[in-house]
Structures are given as C-alpha cells and as structure tokens.
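To keep things clear, I will list the structure first and then write my remarks on it.
What follows draws every value from the coordinates through simple rules; no lab data is involved. Only a predicted model underlies this, so the values are computations on that prediction, with no experimental measurement involved. Here the Cβ is made from the backbone with ideal geometry for all residues, glycine too, and neighbour counts use every protein chain on show.
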Amino acid sequence: MTEFPPFTPEHDMIRQTVKRFAKEEIAPNAEQWDEEGIFPREIFRKAGDLGLFGIRIDPKWGGAGLDWWATAAYIEGLVHSDSGSVNMALMVQSDMTIPVIQELGTEEQKSEFLPRAVTGEWIGALGISEPGGGSDVAALKTRAAEDGGDLVITGQKLWITNGTRADFIVLAVRTGGEGHKGISLVLFPTATKGFSVGKKLHKVGNLASDTAELFFDGCRLPMRYILAEKNRGFYYIMENFQGERLAASIGALAACEKAVRYALDYGAGRTAFGTPVRQFQVWRHKFAEHLTSIEAGRWLTYRAVDLANRGQRAVREITMAKLFTSELSQKVMYDCMQIMGGFAYTTEYPIGRMWRDVRLNTIGAGTSEIMKEIIAKEEKI
C-alpha cells in the first residue's frame, strides 16, 4: 500500500526551505510591516528566487513542474512567517494567477507573462470582486466592449489583493449579455492607459497586504489578451476557485496547528495559583478537542489534495475542507488568545496578529455560507 500522504524527501526539503525563509525574512518584520501597512516588493523577488511561484509551473517557463503535494509543503512552511498578510499576497501570485495563465494561456501569453511572474519581477492580482459583490460572480458589471479589434474596458473592482502595485491582473470582464454566460477572463497589464488605483483599503486584519479599489476608464486592450474562450470566463473562474480554496484550506490548517503549539508552549511556562496554566483540565480538554479537529481537518484536506493532484473532480471535498478549516481557525485562534490572557491582547505577541488575520478565512475565496450552498448542491440536499 502506498504511504499516505505521499510526501517525499523533496517535499520535506521544500517545507524546510520555505520555513527558513519565512522565519528569517518575514517573521522578524511582521509587526513593523503591519504598522506600515505594506511589505517590501523585494519579498516577491526573494520568493521567486526560491522557486515558490513556479512549483506547479512547466520548467519551460521557469517553474519546477512539481505537484500539489509540493504546494502543500510550501504553504505549510509559509505559515511560520507570522504574517497572514505576506502569505496571502504570495499565494495570490503562486496559486491564484500564475496557474490560471499556464492552464488557459496561449504560448504567446505564457511567454509574455509567466517568466516574469515566476521570478517575482512582476506582481499579479486576481480581479473578480466588485463593489456590488464578490461571491456572486455572475452579477459582475465591469464591461469590455469590442471596438476595432480591441476591448475597451470600463468598470470598477474592489477587495483586490496586491492591487496597489500589481503589474498585471487576471481580470474578469463582461463581454456578452447578463448572467454567467457573458463573462470573459483577460490578462490586463496595469500600465494600460485609463487604469488607476482608487484607494488602498483599511482592514481589520492582514494589515501589511495591500487591498485596493481599482478603476478602468476606457482601457483599450488588444483582443490577444483574452484568456482561452471568450464568454466562458465564469466557468474558468469556478475552476480556479477550487485551487484557491484548496490552498486556503492548507494554510488555515497549518495556522491552526502552529497557534495551538505556540499557546501550549506559553501555557507550560505561565503559572496561575502555583500551576502551569496548560495543566488545568479546562485547557487540557480544550486543546485535546482542537488537536483532534485539526487532525480530522488534515485528512479531509489531504484527501482533497490527493484528488486534485490526480486531476479528479474534487468540488465536494475541497469545499468541505474550506468550510471546515476556515471555521475551525476561528475557534482555535480564540482559545489560543484566551489562554494567554492580557498579553495576547497586546501586539507584543504574534497571536493577536494571527487572530486578526484568520478572520478573513470564512469570507475570502467564498464565504462559509456559499460553501454550505455548494455542498448542499453536491449532495443534492
């Protein structure tokens, strides 16, 4: 019987390499970058130098041509950054934009965008959400009208990670009628005339990640930038969401385990009434429950990774993993803060930042409510 999960020494090396990068290059600066509301662009180049953006990308374009288990190892190592902000920004690059170009792009499109994106020279963003909604993709309003062989794009996007400094956007636009059948995906260079960043949004968590409002005012784009088939963008987005949600599940689970181990270490050294806090039954039982849930979530998530890695349909499993791990992260972080008492409510310890950052988990990449709807449809409830 094949060992499961099938992590190889190569996967373990990736995990350790990323962990070292996260602890040395990101974690020491996490609090400062939160205060500044941004992190240096140089981090993208350093991540690119380590090959983090090209894990599943064809070597022809500078990638490593590895599998989803390698991606899992990368995300599990990245959690040691103590910065959900940086993690999210890098994962938008590695798992939400670059793989879409590889899957849907022409040779010309790939040669123009992938080499620069894989190295981190170019920063990518995913432009789907709008002021009128995020999860309801079929209702998007940003329009691309044909004019003399070009697309003329007019509209607005909101909640766009990496939006203030992206060099390109995998952009969803309306090229046809209303509803899900009239949407296309285009590759949009942000140097295009008429494009502007409205403002950088102020958020509750992920403070060092730039989240932007974007405007498109008559932006003229050659038709050659359309990704794959025109008016089939909705279906491509739904397929892309699967990879995004799977990556989010892996990250949420890794963050839960790191937080629990961190809280237990703190509880071993902190005494109350002459006893280490973690030895009180209320906390021993609480963390026994959390560790059990993390283990259950791990096998649910790894099952989804396995299906995705073999190219099998995994909507049900990925959606369940996203729902379970994102909801679990809320409970775990709450208790990890609680055991630390007042210190957790200061910025002196990273647990406060972790608590703020994971609040996005049940909202981003599809809300928990949307996940339940998808599961209900998959199960024909």
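Structure data summary
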read-out: Simple Cβ-charge dipole of region 234-378, Lys/Arg +1 and Asp/Glu -1, about Cα centre, in debye nearest 20; value: 180
read-out: Euclidean distance of C-alpha centroids, region 221-235 and region 73-93, integer Å; value: 30
read-out: Amide hydrogen neighbours beyond the local backbone of Leu50, cut-off 5 Å, H modeled; value: none
read-out: Taking region 125-230 and dividing mean pair separation by its residue count, relative contact order in percent (alpha carbons under 8 Å, at least six apart); value: 31
read-out: Gaussian network model of the chain, Cα within-10 Å springs - most flexible of Val100, Val277, Val152; value: Val277
read-out: Stretch gain in nm, segment Ser368-Glu35, where the contour uses 0.36 nm per residue and the Cα spacing is subtracted; value: 117.0 nm
read-out: Computed magnitude of the charge dipole of the chain (debye, nearest 20; Cβ of K, R +1, Cβ of D, E -1); value: 480
read-out: For the chain, built as a Gaussian network whose Cα springs stay under 10 Å, the top-fluctuating residue of Pro99, Pro59, Pro276; value: Pro276
read-out: Residue-span extension gain [Arg270 to Ile381] - 0.36 nm each, minus C-alpha spacing; value: 35.1 nm
read-out: The chain: Cα Rg divided by the 2.2 N^0.38 Å rule of thumb; value: 1.00
read-out: Furthest towards positive pole of dipole, Gly352, Gly120, Asn240, structure part the chain, Cβ charges; value: Gly352
read-out: Nearest-20 debye value, region 9-122 charge dipole, Cβ charges on Lys, Arg, Asp, Glu; value: 220
read-out: Fewest-first ranking of Asp95, Asp34, Asp217, using other Cβ atoms within 10 Å as the exposure measure; value: Asp217, Asp34, Asp95
read-out: Burial ordering of Arg270, Arg278, fewest other beta-carbon atoms within 10 Å first; value: Arg270, Arg278
read-out: Gyration tensor (alpha-carbon) shape descriptor, region 9-122, a/c threshold 1.5; value: oblate
read-out: Residue of Gly274, Gly311, Gly297 that the Gaussian network model of the chain assigns the largest fluctuation, springs spanning Cα pairs under 10 Å; value: Gly274
read-out: DSSP-defined antiparallel bridges as percent of all bridges, the chain, nearest 5; value: 85
read-out: Residues Val358, Val282 arranged by fewest to most Cβ contacts within 10 Å; value: Val282, Val358
read-out: Exposure rule at most 14 other beta-carbon atoms within 10 Å, DSSP loop GluC sites (Glu not before Pro): the chain longest free segment; value: 230-347
read-out: Contour excess over end-to-end distance, with Cα ends at Ala139 and Asp167 and 0.36 nm allotted per residue; value: 7.5 nm
read-out: Separation of the Phe343 and Arg20 label points, Cα + 7 Å toward Cβ, nm; value: 3.0
